[in-house]
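K.L.:
Structure in structure tokens, see below.
The values are calculated or read from the model by the stated rules, or taken from the named source; none is laboratory data. Remember, it's a predicted structure, so these values are computed and weren't measured experimentally. Positions of Cβ are backbone-derived with ideal geometry, glycine not excepted, and every protein chain shown enters the neighbour counts. The protein model used for the area step is the full one, side chains on, heavy atoms only, and it has no ligands, DNA or RNA in it. Shrake-Rupley method; radii C 1.70, N 1.55, O 1.52, S 1.80 Å.
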Amino acid sequence: MSLDEFGTSQQGFWPAVVVPTPAHRALAETLSYHSPQALEPGSLVRVPLGSRDVPGVVWSCPAQPPEGLNPAQMRPVASVLPGCPPLNEAWRTLVAFTARYYQRSLGEVAPAALPPQLRDLQPAQWQRRLNKRAKQAAGPQPGAPLATETAPALSPEQQSCLDALATARQPVLLFGATGSGKTEVYLQAAQRLLAQDPGAQVLVMVPEINLTPQLQQRFEARFGAAQVAAMHSGLTPAQRLGNWLAAHLGQARIVLGTRMAVLASLPRLRLIVVDEEHDPSYKSQEGARYSARDLAIYRAQLESRHGPGCQVILGSATPSLETWQASLQGRYLRLNMPSRMGGGQLPALRLLDMARQPKGTVLAPALVAAIAERAARGEQSLLLLNRRGYAPVLACHACGWKSQCPSCSAFRVFHKLDRTLRCHHCGFTERVPRACPDCGNLDITPIGKGTEQLEEQVAALLSGQLRPDGQPLRVARMDADSTRAQGSLEAQLQRMHSGEVDVLVGTQMIAKGHDFRRITLVAALNPDGALFSSDFRAPERLFSLLMQSAGRAGRDGTIATHGAPVSEMWIQTFHPRHPLFEALKAHDYPAFAARELQERQAAAMPPFSFQALVRAEARTQDVAQAFLNAASAAAQRTLAMKPGFEAVMPHIQLYGAVPMTVQRVANVERAQMLVESGSRAALQRFLTAWQDILRQLRSDPAHKGLIRWAIDVDPLTI
Ligand code: ADP
Ligand code: ZN
Ligand code: ZN
């Protein structure tokens, strides 16, 4: 026993613990506690914080108290969660990297990566959950036969990709047409791995929670339900904890989930699949705004450093330009699967020049005829419109009143079914007024078109047309409104699969992933907006949406009885000669990508530069912008002088503060500032140093009107 300067005894250990901290609170990364025994780094504990008791992760466990703190005042660790192996070093490194790269605190990232129920579980309850898991896991053991369904023989293309995967040492881009059988390659790559290493774990990520049930079924059929654990926000807290434990304890062979799954604890991770890697929903839009795809690449490298190696496969028919560029440079290995399974052809593209149609045409007559003809043969059509509701605006022509949201710089959308005006930004909902609120005019009318109205108009245009069974055609709609109720999405998909519905109208939700067998016609009704958008990623998103949608058609080669081309994609546009459509017509993603990359390079935009956004929110636009501009000035003033930053600052370009596209939401004004650099490393160093400046400014009384600020690294929309 020794006495320190405070005259107290110094026995035991002083674990540094990561506890949940609110965003941008300038708290230390870890808090120190006292423990009579040594605790392994990664142990889950409960510790006192203020008057509460919170879950924490032990980050390190020195035998000396931290310098300058009075050990007598350090509070003891309340409890260690029993029976739980510590989170391993690879996981802790991943979490630390995520926090650092995305400019967040450990206390924001680590707790968010753990199951939410951890907050409320006392050690006794925790023990019960663990016991329950142990019982469930007593069933199938690693090494027991895995497959419950036999794998089909692979096509030559699939086989050569699977062979190439066996020797690939870098990240792999599986560039495969929609319906080319990428999922089967994932399944067999996983199967081969588990045959070699029965204890291995595979992480499979999908962009949307809607797509998890389908993929889950396929993996469960192949590997058995007990081997597969799902991770997404649609699970109950108890399910999330159970599945997290199955992964953390190494019981689940396959973990299947949305972007959050990239931060799951997987002690024996050997393979990561990122399906539809281009999808924007891999980028988190709240909290630490991480890209699950980019973290997957990092994680695979990291796991290889800590263990026997981990492969990462990115799959897409329309890769993100970042990924495509990496494959051109050879940083990723590209494997190609250009042919569709079952001999289904990619649909032929038909461009309808809307300038030649009467003004206000919703569906060109030729398109209506094509839909009717297909329905008469028992085939289905998909109609895409990227706006839900009945009409985006309700207006009074007498006085000019419009359905502006009182709290946002946006119009409230007219929903006819429940006769409401709804703001899609703040959620504010009101009954539609009977008369104009300003002048009393009874004749207020919808302007523009949403999916509800389209459904109504399509039904009218097709009335009198018959199905093969002599019944009238059935039109249905699928979008965020129609699928809000629990179970309604599944029910709607079922109606589509069973052939009950002939024409499905919907938003991009219907374009993704679903394996509809009887669709032979897909139409995009109004895609022009994205051709001339101020967002430089809009063409990339449009191209991939249209390719994905086209991929919904012609998936079944056996419906090839009516002369070629069997399936069609129609596009109603005022710009039929736009190069984007030319590339689409040829199903030529590489040509589209080459042209886009050339433009991006000329303009020094990503992937040829690196970006970050700082967003600020305040009661007034002036306050928000003043904060950002002050932060920019302070950075240029102080960092230019800072030792070691001479080589950084010349690579940093700071733009002025501007209002965000939707400037006001729920009465909060929003502004943003763009930072750009040709060097990722320089941008990282700058942002880390800038954080301190932003934090200091925040507490400056001159900026007291500021509500919050946040950094978004590698933002997807600017
Ligand atoms: P992708 O993921 O590339 O869009 P899928 O994996 O969904 O394509 O495959 C499309 C269809 O082809 C699915 O119905 C799948 O069951 C089937 N399929 C894939 N590979 C094979 C194979 N080797 N033999 C038979 N059918 C296959
Ligand atoms: Zn009016
Ligand atoms: Zn609003």
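K.L.:
What FRET efficiency comes out for GLN598 versus LEU417 if R0 is 30 angstrom and r is the Cβ-Cβ distance? Round to the nearest 0.05. Mind showing how you got there, number by number?
P.N.:
Values: r = 46 Å, r/R0 = 1.53.
About 0.05, to the nearest 0.05.
K.L.:
Moving on to the next point. Might you tell me the accessible area per residue for the chain, computed with a 1.4 Å probe and given in Å²?
P.N.:
Averaged over the residues of the chain, the accessible area is 43 Å².
K.L.:
Shape call for region 70-143 from the C-alpha gyration tensor, a ≥ b ≥ c root eigenvalues: rounded (a/c under 1.5), prolate (a/b greater than b/c) or oblate?
P.N.:
In terms of gyration-tensor shape, oblate.
K.L.:
If we sort 166-177, 150-161 on the protection proxy, mean other Cβ atoms within 10 Å, highest first, what's the order?
P.N.:
Values: 166-177: 18.8, 150-161: 14.6.
Result, highest mean Cβ count within 10 Å first: 166-177, 150-161.
K.L.:
Another question, if that's okay. Given Cα pairs under 8 Å that are at least 6 residues apart, what percent is the relative contact order of the chain?
P.N.:
Rounded, it is 11 percent for the chain.
K.L.:
Taking the Cα of LEU154, stepping 7 Å toward and past its beta carbon, and measuring to each backbone N in region 309-334: which are under 19 Å?
P.N.:
310-317, 333-334
K.L.:
How big is the C-alpha Rg of region 444-500 next to the rule-of-thumb value 2.2 N^0.38 Å, as a ratio? Write down the numbers at each step before the final one.
P.N.:
Details: Rg = 13.7 Å, N = 57, 2.2 N^0.38 = 10.2 Å.
Dividing the Cα radius of gyration by 2.2 N^0.38 Å gives 1.34.
K.L.:
Can I ask one more? Mind checking the angle between helix 156-167 and the chain's longest principal axis? C-alpha axes, 0 to 90 degrees, to the nearest 10.
P.N.:
10
K.L.:
What would the Debye formula give as log10 I(q)/I(0) at q = 0.13, 0.16, 0.21, 0.22 Å⁻¹ for the alpha-carbon point model of region 86-197, no solvent?
P.N.:
For region 86-197, the Cα-only Debye profile gives -0.90, -1.04, -1.08, -1.10.
K.L.:
Which of the peptides 221-227, 262-268, 407-413, 34-40 is most tightly packed, and how do the rest follow, going by the mean number of other Cβ atoms within 10 Å of each residue?
P.N.:
262-268, 407-413, 221-227, 34-40
K.L.:
Also: For region 135-254, build the charge dipole from Cβ charges (+1 Lys, Arg; -1 Asp, Glu) around the Cα centre, then report which of ALA190, GLY250, GLY179 sits farthest towards its positive end.
P.N.:
The listed residue farthest towards the positive side: GLY250.
K.L.:
Now for a different question. With each label point set 7 Å from Cα along the Cα-Cβ vector, what nm distance links THR688 and THR638?
P.N.:
Output for this residue pair reads 1.7 nm.
K.L.:
Roughly how many debye, to the nearest 20, is the charge dipole of the chain about its Cα centre, given +1 on each Lys and Arg Cβ, -1 on each Asp and Glu Cβ, and no other charges?
P.N.:
Details: 74 positive and 59 negative charges, 136 e Å.
Around 660 debye, computed over the chain.
K.L.:
Could you give the distance between the Cα centres of region 169-247 and region 274-305, to the whole Å?
P.N.:
15
K.L.:
Same structure again: Could you point to the residue in GLY389, THR520, GLY487 farthest towards the positive end of region 386-537's charge dipole, with +1 and -1 charges on the Cβ of Lys/Arg and Asp/Glu respectively?
P.N.:
Final value for the positive-end residue is GLY487.
K.L.:
Is there a quick way to get the dipole size of region 16-83? I mean about its Cα centre, with the Cβ of Lys and Arg at +1 and of Asp and Glu at -1; what is the value in debye to the nearest 20?
P.N.:
Approximately 200 debye in magnitude.
K.L.:
Of the heavy-atom accessible surface of region 132-246 (probe 1.4 angstrom), what whole percent is carbon and sulfur?
P.N.:
C and S atoms contribute 56 percent here.
K.L.:
In vacuum, with every alpha carbon of region 400-440 counted as one equal point scatterer, what does the Debye formula give for log10 I(q)/I(0) at q = 0.23, 0.32 Å⁻¹? Two decimals, please.
P.N.:
-0.74, -1.17
K.L.:
Kindly write out, for region 688-703 in residue order, the coupling ³J(HN,Hα) from the Karplus curve 6.51 cos²θ - 1.76 cosθ + 1.60 (θ = phi - 60°), rounded to whole Hz, with x marking Gly and Pro.
P.N.:
For region 688-703, the Karplus-derived couplings read 4, 6, 5, 3, 4, 5, 4, 5, 4, 4, 4, 8, 6, x, 4, 10 Hz, x marking Gly and Pro.
K.L.:
Sticking with this one: For VAL204, enumerate residues with amide H under 5 Å from its amide H, sequence gap 5+ or separate chain, H modeled in the peptide plane.
P.N.:
For VAL204, whose amide H was placed from the backbone, the distant partners under 5 Å are VAL255, LEU256, GLY257, VAL273.
K.L.:
Right, here's the next one. Name the long-range amide H neighbours of LEU473: under 5 Å, sequence gap of 5 or more, or other chain; modelled H, no Pro or chain starts.
P.N.:
Counting only residues 5 or more places away or on other chains, the set is GLY464, GLN465, ARG467.
K.L.:
Give the calculated FRET efficiency between SER533 and GLN11 to the nearest 0.05, with a Förster radius of 45 Å applied to their Cβ-Cβ distance.
P.N.:
That gives a FRET efficiency of 0.10.
K.L.:
A further question on this structure: Would region 604-718 count as rounded, prolate or oblate if I go by the C-alpha gyration tensor, calling it rounded below 1.5 in a/c and otherwise prolate when a/b exceeds b/c, oblate otherwise?
P.N.:
Numbers: a/c = 2.52, a/b = 1.35, b/c = 1.87.
The shape class here is oblate.
K.L.:
What full-extension length gain, to one decimal in nm, is calculated for ALA63 and THR429 as 0.36 nm per residue of separation minus the Cα-Cα distance? Please list the in-between numbers first.
P.N.:
Values: separation 366, 0.36 × 366 = 131.76 nm, distance 5.82 nm.
Taking 0.36 nm per residue and subtracting the Cα distance, the gain is 125.9 nm.
K.L.:
Helix-only mean residue ellipticity at 222 nm, the chain, DSSP H runs n ≥ 4 weighted -39,500 (n - 2.57), per residue, nearest 500. What is it? Write down the numbers at each step before the final one.
P.N.:
On the way: 17 runs with 216 residues, N = 718.
Helix contribution divided over all residues of the chain: -9500 deg cm²/dmol.
K.L.:
Work out how much length LEU328 to ALA666 would gain on full extension: take 0.36 nm times their residue separation and subtract the Cα-Cα distance, in nm to one decimal.
P.N.:
That pair, LEU328 and ALA666, stretches by 117.3 nm at full extension.
K.L.:
With the crude spin-label approximation of a point 7 Å out along Cα→Cβ, what separation in nm comes out for THR93 versus ILE447?
P.N.:
A separation of 5.8 nm, rounded to one decimal place.
K.L.:
Restricting to Cα atoms and excluding each atom paired with itself, what does the Kirkwood estimate give for region 229-351 in Å?
P.N.:
Its Kirkwood hydrodynamic radius stands at 16.4 Å.
K.L.:
Could you tell me the largest-minus-smallest coordinate of the C-alpha atoms of the chain on each of the three principal axes, in descending order and whole angstroms?
P.N.:
Taking the Cα atoms of the chain, the three principal extents are 94, 68, 49 Å.
K.L.:
Binned at 10 Å from 0, what are the whole-percent values of the Cα-Cα distance distribution for region 499-618, short to long?
P.N.:
11, 36, 30, 16, 6, 1, 0
K.L.:
Of the peptides 459-472, 376-389, 535-548, how do they stack up when ordered by the mean number of other Cβ atoms within 10 Å, highest first?
P.N.:
376-389, 535-548, 459-472
K.L.:
Expected output is a single nm value to one decimal: the length gained when fully extending between LYS135 and GLU373, i.e. 0.36 nm times separation in residues minus the C-alpha distance. What is it?
P.N.:
Here the segment from LYS135 to GLU373 would lengthen by 80.0 nm.
K.L.:
In addition: Amide H neighbours of ALA317 under 5 Å, at least 5 residues apart or on other chains, H built in the peptide plane: list them.
P.N.:
GLY176
K.L.:
Further question: Just to check I understand the Karplus step: with θ = phi - 60° and J = 6.51 cos²θ - 1.76 cosθ + 1.60, what whole-Hz values come out for region 30-38, glycine and proline as x?
P.N.:
Along region 30-38, the couplings run 9, 10, 9, 10, 10, 9, x, 10, 5 Hz.
K.L.:
To the nearest 0.05, what FRET efficiency results for SER233 and ARG305 with a Förster distance of 35 Å applied to their C-beta separation?
P.N.:
0.70
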